[in-house]
Amino acid sequence: MKSSHCVALGLLLLAQVAPAQDLLKPSEPADAPEIDAGPATELMSEPVMRAEGTIEALDRERGVVTIAHGPVPALKWPASSMEFQARREQLEGLAVGDEVRIGFQSEGDEAALVSIDKR
């Protein structure tokens, strides 16, 4: 009888552990924000990277800005020219040739602007 109590108590304790382990699991990631329903909304890297550069092209319809930027040491990127996804309102008041400071998130070879300010 004593061993059956130990087994029952052991099973009861194990049954209590499973829900506690569920609390330690990471929650599902929040949905990525949408940038005018474009694909750059799926980027969720952290932290926000910073760079300075010059606007080379603007495509307001696609929500894309091409920026010739300086090196980004945190990503081991050399100075280059690349496209950044942007919300249309981020591009208001900007023109080709403007010098800007940008904050962006990247994943692989894609990047989306978090902020863009004229210098």
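Considering only residues that are free of Cβ contacts under 8 Å to residues at least 60 places away in the same chain and open to solvent by 20 Å² or more (accessible area, probe 1.4 Å), which ones fall in segment 98-110?
Those that are free of Cβ contacts under 8 Å to residues at least 60 places away in the same chain and open to solvent by 20 Å² or more (accessible area, probe 1.4 Å): ASP98, GLU99, ARG101, GLY108, ASP109.
If I ask for residues that are in contact (Cβ under 8 Å) with a residue 40 or more places away in the chain and either closer than 13 Å to HIS69 by Cβ or among the hydrophobic types (A, V, I, L, M, F, W, C) (or both), which ones from segment 86-97 would you list?
ALA86, ALA95, VAL96
I'd like the full set of residues that are open to solvent by 30 Å² or more (accessible area, probe 1.4 Å) and more than 15 Å from VAL48 (Cβ to Cβ), limited to segment 69-81.
Listed by number, the residues that qualify are PRO71, LYS76, PRO78, ALA79, SER80, SER81.
The values are calculated or read from the model by the stated rules, or taken from the named source; none is laboratory data. Since the structure is predicted, the reported quantities are computational estimates derived from the model, not experimental observations. Virtual Cβ from ideal backbone geometry, glycine too; neighbours counted across all protein chains shown. Side chains are part of the model used for accessible areas, which takes the heavy atoms of the whole protein and leaves out ligands, DNA and RNA. Shrake-Rupley method; radii C 1.70, N 1.55, O 1.52, S 1.80 Å.
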